[in-house]
Amino acid sequence: MGKVPALKHGEAIITEQVAIYIYLADLYPDAGLAPKIGDSLRGPYLRWMAFYGSSFEPAVVDRSQKREPAPQAMSPYGDFDTMFKTLTDQLAKGPYLLGDKFTALDVLWGTALTWITMYQLVPAEPVIQAYIDRVNARPAVAWAKAKDAELAAAQGS
Ligand SMILES: N[C@@H](CCC(=O)N[C@@H](CS)C(=O)NCC(=O)O)C(=O)O
């Protein structure tokens, strides 16, 4: 489809960012970014992963294109306001999407909401902005940005 991200790991090609997050978090269990199978947070973890691709993005794209959404019962996200409230209610519990535990979900949602609010595709409501700031204040974000800049410079030369 000519889309990024795409990951090649051994013989496997993995596309779809949600699949990539799940794959990498499971591949490196010592990083502690994914609740294990059997953990009571595993279901909510998968729920909010899938919610990103199945509900949130279609809703944001429909709205940004000023497209009339499908009828409520046929739309993957019902209606925008219900989808958005479902998300903001969860974020309000904080500090992270699953509560106290920071997971790969927060890498996905923190990154996505940073970009999406920058493009004003969803309102940077206080609960959203506070979440974005909390995720981006983590030292690993600065480390990843420095690594990105290093790779970009190497590719550019
Ligand atoms: N369904 C894919 C969509 C990926 C996607 O939309 N990627 C964008 C960047 S965020 C892209 O590749 N845009 C470049 C283009 O289509 O030319 C996923 O969730 O990974």
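The values are calculated or read from the model by the stated rules, or taken from the named source; none is laboratory data. As the structure is a prediction and not an experimental result, all values here were calculated from the model. Neighbour counts run over all protein chains shown; Cβ positions are idealised from the backbone, glycine included.
Odds and ends about this structure:
- Members of region 89-126 that are under 15 Å from residue 47 (Cα atoms) and away from the ligand (no atom under 16 Å from the Cβ): 89, 90, 91, 96, 97, 98, 99, 103, 106
- Tally of residues being over 15 Å from the mean Cα position of the chain (by Cα) and within 11 Å of residue 56 (Cα to Cα) across region 87-110: 0
- Taken over region 50-79, the criterion of being surrounded by fewer than 16 Cβ atoms within 10 Å (Cβ to Cβ), more than 17 Å from the chain's Cα centre (by Cα) and in a helix (DSSP H, G or I) is satisfied by 63, 64.
- Contacts under 9 angstrom Cβ, first residue in region 40-51 being free of Cβ contacts under 8 Å to residues at least 60 places away in the same chain, partner assigned to a helix (DSSP H, G or I) and of a type in the set (Ser, Thr, Tyr), 6 or more apart: 49/21; 51/86
- Residue match in region 40-48 (condition: more than 19 Å from residue 120 (Cα to Cα), within 16 Å of the ligand (Cβ to nearest atom) and either of a type in the set (Val, Ile, Thr) or at pLDDT 95 or above (or both)): yes
- Residue within region 23-31 that is touching a helix residue (DSSP H, G or I) at 6+ places or on another chain (Cβ under 6 Å), of a type in the set (Gly, Ala, Ser), within 18 Å of residue 128 (Cα to Cα) and not in a loop (DSSP other than H, G, I, E, B) present: no
- Close pairs from region 111-122: first over 16 Å from residue 63 (Cα atoms), partner more than 12 Å from the ligand (Cβ to nearest atom) and not in a helix (DSSP H, G or I), Cβ under 8 Å, at least 6 apart: none
- All positions within region 1-39 that are within 16 Å of the ligand (Cβ to nearest atom), among the charged types (D, E, K, R) and surrounded by 10 or more Cβ atoms within 10 Å (Cβ to Cβ): 16
Conditions (1) surrounded by 13 or more Cβ atoms within 10 Å (Cβ to Cβ); (2) touching a helix residue (DSSP H, G or I) at 6+ places or on another chain (Cβ under 6 Å); (3) farther than 27 Å from residue 35 by Cα; (4) not aromatic (Phe, Trp, Tyr), marked per residue:
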{"site": "100", "(1), (2), (3), (4)": "no, no, no, yes"}
{"site": "126", "(1), (2), (3), (4)": "no, no, yes, yes"}
{"site": "129", "(1), (2), (3), (4)": "yes, no, no, yes"}
{"site": "133", "(1), (2), (3), (4)": "no, no, no, yes"}
{"site": "140", "(1), (2), (3), (4)": "no, no, no, yes"}
{"site": "147", "(1), (2), (3), (4)": "no, no, no, yes"}
{"site": "150", "(1), (2), (3), (4)": "no, no, yes, yes"}
{"site": "156", "(1), (2), (3), (4)": "no, no, yes, yes"}
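- Scope region 88-131; condition basic (Lys, Arg) and in contact with a Leu (Cβ under 7 Å, 6 or more places away or on another chain); matching residues: 101
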